[in-house]
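Each remark here refers to the structure printed beneath this line.
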Amino acid sequence: MSLIAILIEHGNLQPMITAIENDISTILEKAVAGERLTSEEGVALLKSHDLAAIGQAADAVTRRFHPEPFRTYNIDRNINYSNVCSAVCDFCAFYRPVGHDEAYVLTEEVLYNKIQETVDLGGDQILLQGGLHPQLSLEWYEDLLRGMKEKFPQVNIHGFSPPELWHFHKISKLPLETVLQRLMDAGLGSLPGGGGEILVDRVRKQITRGKVLSDGWLEVNRVWHQLGGKSTCTMMFGHVETLEERIEHLERLRQLQDESNGFTAFICWTHQPPEEAPWFGRDAEQGRSGGVDMSDVPSAGAFEYLKTQAIARLYLDNIPNIQSSWVTQGEKVGQLALFFGANDMGSLMIEENVVAQAGTVFQLSLETIRRCITDSGYIPRQRNVFYDYLDEAPATSTVS
């Protein structure tokens with residue numbers, strides 16, 4: 001299927017046929033040459049509608065970062081150990097308040113069964129995340145990690161988003177460095193980039209309550225990197241942020257990477273409006289005030305996703321890997337992302353609950369992920385979170 005046909009299928013084609021407002025060729029040439037873009041140049045690219053030119057530049061930069069004939073994927077499982085959360089995020093249909101009939105904390109038996117299933121499918125990692133549970137202690141999380149590592153020493157625990165870790169720091173009343181070191185000692189292997197949304201406090205205050213603000217999210221990663229840890233970073237866009245705020249988000253990530261060099265990859269995706277806005281906590285008795293009904297915020301289309309990811313590749317000149325978000329975009333656009341700055345198809349994602357709860361459910365088999373890479377002219381390779389290859393190198397080949 002052609003790019004135009006795919007964009008028609010996924011909506012939002014109009015920008016592609018709108019006249020280009022600004023000449024961006026100089027900016028793109030600068031980025032391809034390896035020069036750092038300014039915030040103003042990043043905004044100019046976001047305001048442009050020349051998707052083809054931006055994508056071509058991003059692909060050139062990707063090939064500079066990754067001249068090898070491989071594009072990668074990993075096999076892991078997203079395990080949500082609990083859905084209890086004391087924060088309120090207008091875009092989240094997954095969380096439940098304490099005491100709700102659907103609130104849960106996984107038992108060890110269920111948790112271990114899920115990990116075993118992942119290992120049996122060739123996975124080497126689990127993505128362990130939950131909510132901001134107000135009643136679980138730091139010691140509970142340490143015991144959780146130790147039990148998992150004792151039973152599955154070969155599995156990397158890619159766990160706890162920065163908002164969760166900031167929450168652990170607050171409820172334990174311990175320094176952030178102490179909390180992170182204790183969790184690292186207990187078996188935490190790397191940090192996912194969840195809860196980043198947009199790293200601008202105006203936006204965060206509008207769409208969430210009771211959740212870490214921008215400086216805290218960055219500080220969790222900064223301290224983790226100082227301890228020798230690695231993490232990924234993310235952006236959820238297409239809701240209440242401005243184009244300038246999207247670039248501010250990328251700028252803050254780039255600055256921290258200059259300082260700590262701890263981010264292994266960047267992943268972005270569009271806001272997925274829940275089929276129904278969260279059905280609890282909408283009145284004063286539940287503690288909700290203000291905020292945005294995110295079910296009324298339309299999702300950005302494939303055009304905006306591909307353009308924003310490509311610009312992120314151009315702007316984040318110090319983060320080596322960009323992951324496609326087929327989980328939110330689907331197979332066809334997820335594959336196209338390999339030509340718009342991504343060098344990685346992300347995870348097989350044996351289990352995913354948070355995005356699925358919002359009504360967006362895309363599932364790909366391992367065979368399909370590998371085919372998407374092969375049909376794009378590359379050789380698929382399995383990797384871990386640190387981007388080490390886990391399989392044997394195939395016979396020498398070249399990128400078509």
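Laboratory data are not the source of any read-out in this text; all were calculated from the coordinates shown. Just so it is clear, the structure is predicted and the values come from calculations on it, not from any experiment. Virtual Cβ from ideal backbone geometry, glycine too; neighbours counted across all protein chains shown.
List the pairs from Lys30/Lys307; Lys47/Lys307; Lys114/Lys211 whose alpha-carbon separation is above 19 Å, in the order I gave them.
Working: Lys30/Lys307 17 Å; Lys47/Lys307 10 Å; Lys114/Lys211 28 Å.
Pairs exceeding 19 Å: Lys114/Lys211.
Can you give the FRET efficiency for Glu102 and Ser365, using 1/(1 + (r/R0)^6), R0 = 22 Å, r = Cβ-Cβ distance, to the nearest 0.05? Walk me through the numbers on the way to the answer.
Details: r = 29 Å, r/R0 = 1.34.
Calculated transfer efficiency: 0.15.
Using the Cα centre as the reference, give the magnitude of the dipole from point charges on the C-beta atoms of the stretch 133-225 (Lys, Arg: +1; Asp, Glu: -1; all else neutral), rounded to the nearest 20 debye. Walk me through the numbers before you get to the answer.
Numbers: 12 positive and 11 negative charges, 60 e Å.
Once rounded to the nearest 20, the dipole reads 280 debye.
Around Ile379, with a cut-off of 11 angstrom between Cβ atoms, what is the net charge of the other residues, counting Lys and Arg +1 and Asp and Glu -1?
That works out to +1.
Determine, at each q value in 0.19, 0.20, 0.21, 0.22 (inverse angstroms), the log₁₀ of I(q)/I(0) that the Debye formula gives when each Cα of the stretch 163-248 is one equal point scatterer.
-0.85, -0.92, -0.98, -1.05
Toward the positive end of the charge dipole of the stretch 187-252, about the Cα centre and with charges on Cβ (Lys, Arg +1; Asp, Glu -1), which of Trp217, Leu227, Gly189 goes farthest?
Farthest along the dipole direction, towards plus: Gly189.
Taking the Cα centre of the stretch 22-91 as origin, work out the dipole magnitude from +1 charges on Lys and Arg Cβ and -1 charges on Asp and Glu Cβ, in debye rounded to 20. Could the numbers behind the result be given before it?
Working: 7 positive and 10 negative charges, 55 e Å.
Rounded to the nearest 20 debye, it is 260 debye.
For Phe340, what charge total do you get from the other residues with a beta carbon under 10 Å from its beta carbon, if Lys and Arg give +1 and Asp and Glu give -1? Write out the running numbers ahead of the final one.
Details: positive: Lys307, Arg313; negative: Asp59.
The answer is +1.
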